[in-house]
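Colleague: Have a look at the structure that comes next, please.
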Number of protein chains: 2
Amino acid sequence: MTTDAKSSPRERLLEAAATLTYRDGVAIGVDALCKAAGVSKRSMYQLFESKDELLAASLEERASAYVATLLPEADDNRSPHERIMHVFDQLASQAGAPDFQGCRYLAVQIELKDQSHPASRVARQVKANLTGFLRAEAEQGGASDPDLLARQLMLVFDGASARAGIKADTPTGLLEPTVAVLLDAAGMR
Amino acid sequence: MTTDAKSSPRERLLEAAATLTYRDGVAIGVDALCKAAGVSKRSMYQLFESKDELLAASLEERASAYVATLLPEADDNRSPHERIMHVFDQLASQAGAPDFQGCRYLAVQIELKDQSHPASRVARQVKANLTGFLRAEAEQGGASDPDLLARQLMLVFDGASARAGIKADTPTGLLEPTVAVLLDAAGMR
């Protein structure tokens, strides 16, 4: 975890919330978050209304980086087929990291079990943006049913990241052939 | 929740652990579990070594019913293709219930983030048994690569149950065509 003395209390709290909830779950206590961030509880509550708001802000702050890591560049001259495959190659690469525990935006929704929680709302939007990218590429690539293909790909994305996160399986030799079958069945270029 | 006065403290604790952890998550406190079960903490610790052991026992106790709900009968004269589809029809049916929050055996592993936790071990075994069923049917049905097909089907199973659990999607119009594409691609009878 970043403990750079030059980072602000706000940045340290966001970093602690992201790191500790990913590693230990959303039930992590305010005391543990403040201790890891080196910030007093009083300061925390001056910066964030509640632990819920801190968690939501930490997910929001990482959303752009998360999307940038997964998605190809806007105009990379590759086919929609290849651009979709890029997303899954990136997932496979992330899943290879020893501290990978699955997609944090899926996990937080499963753990919170409350779709109206501010952090669930942030997570849902991030995943909806990913679905939107896949749907646009599916349409661009002439998929017979772009909506269905995007839903299928998200199902594979979340299934693969969940199963890799709990060490039930690994994307190696699994993700690529599965996505390829779905893209082919949809008639994707 | 069952509050049948005739059920034993042990049964009431198992029921409370299953119901409350599914609804609220594994961080649910011992006090809340004992209160829901109408059992003192002292009695709980006489029956179970720890909350972890209670959680593991509650998952174990429901495992047979879970498998029975999902799997077809042993000799139902249907093709392996149909028998695999049966599992996903059952999942779709479960996911239609208003209190569905995804597969409890997946959720508990994601939430605990500790594969050596006694409850994670129970959950992993239950899912491995499901994978084993799918693999055996895949082989029976002449799938070109039964291992790969079983892994693909579990990926779809967990992805669909997770996404239905967080209300990101529903299996309707999604699960059946996705499984069909994978079975066809594997050359399943």
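Colleague: For B:Asp31, all conditions in the list (1) within 24 Å of A:Ser161 (Cβ to Cβ); (2) in the same structural domain as B:Lys6 (by TED's automatic domain parsing); (3) charged (D, E, K, R) hold save one; what is the number of the exception?
Modeller: (1)
Colleague: Go through the stretch B:109-125 and give me each residue that's open to solvent by less than 10 Å² (accessible area, probe 1.4 Å) and more than 8 Å from chain A (Cβ to nearest Cβ). Even if it seems obvious, please write down each step before you answer.
Modeller: We begin by selecting, within the stretch B:109-125, every residue open to solvent by less than 10 Å² (accessible area, probe 1.4 Å); these are B:109, B:119-120, B:123.
Those that are open to solvent by less than 10 Å² (accessible area, probe 1.4 Å) and more than 8 Å from chain A (Cβ to nearest Cβ): B:Ala119, B:Ala123.
Colleague: Now for a separate question. Considering each residue of the stretch B:131-168, count those that are within 11 Å of another protein chain (Cβ to nearest Cβ), within 19 Å of the chain's Cα centre (by Cα) and assigned to a helix (DSSP H, G or I), and give that number.
Modeller: 17
Colleague: Given the structure, is A:Phe88 surrounded by 15 or more Cβ atoms within 10 Å (Cβ to Cβ) and either within 11 Å of chain B (Cβ to nearest Cβ) or without any contact (Cβ under 8 Å) to a residue 40 or more places away in the chain (or both)?
Modeller: Answer is no for this residue.
Colleague: Looking at the stretch A:131-154, is at least one residue modelled with pLDDT of 95 or more, open to solvent by 50 Å² or more (accessible area, probe 1.4 Å) and under 18 Å from B:Gln152 (Cβ atoms)?
Modeller: The answer is yes, given that some residue of the stretch A:131-154 is modelled with pLDDT of 95 or more, open to solvent by 50 Å² or more (accessible area, probe 1.4 Å) and under 18 Å from B:Gln152 (Cβ atoms).
Colleague: Scanning the stretch B:1-54 for residues that are closer than 24 Å to B:Tyr105 by Cβ, outside any loop (DSSP other than H, G, I, E, B) and without any contact (Cβ under 8 Å) to a residue 12 or more places away in the chain, which turns out most open to solvent (accessible area, probe 1.4 Å)?
Modeller: Among residues in the stretch B:1-54 that are closer than 24 Å to B:Tyr105 by Cβ, outside any loop (DSSP other than H, G, I, E, B) and without any contact (Cβ under 8 Å) to a residue 12 or more places away in the chain, the one most open to solvent (accessible area, probe 1.4 Å) is B:Glu11.
Colleague: Can you report the number of residues in the stretch B:169-189 which are charged (D, E, K, R) and more than 9 Å from every other protein chain (Cβ to nearest Cβ)?
Modeller: 2
Colleague: Right, here's the next one. Condition test on B:Asp99, is it within 24 Å of A:Asp114 (Cα to Cα), open to solvent by 40 Å² or more (accessible area, probe 1.4 Å) and not β-branched (Val, Ile, Thr)?
Modeller: Yes, satisfied.
The values are calculated or read from the model by the stated rules, or taken from the named source; none is laboratory data. What you are looking at is a predicted structure, and each value in this text was computed from that prediction instead of being measured. Ideal geometry is used to build each Cβ from the backbone, glycine not excepted, and the neighbour counts take in all protein chains shown. Side chains are part of the model used for accessible areas, which takes the heavy atoms of the whole protein and leaves out ligands, DNA and RNA. Shrake-Rupley method; radii C 1.70, N 1.55, O 1.52, S 1.80 Å.
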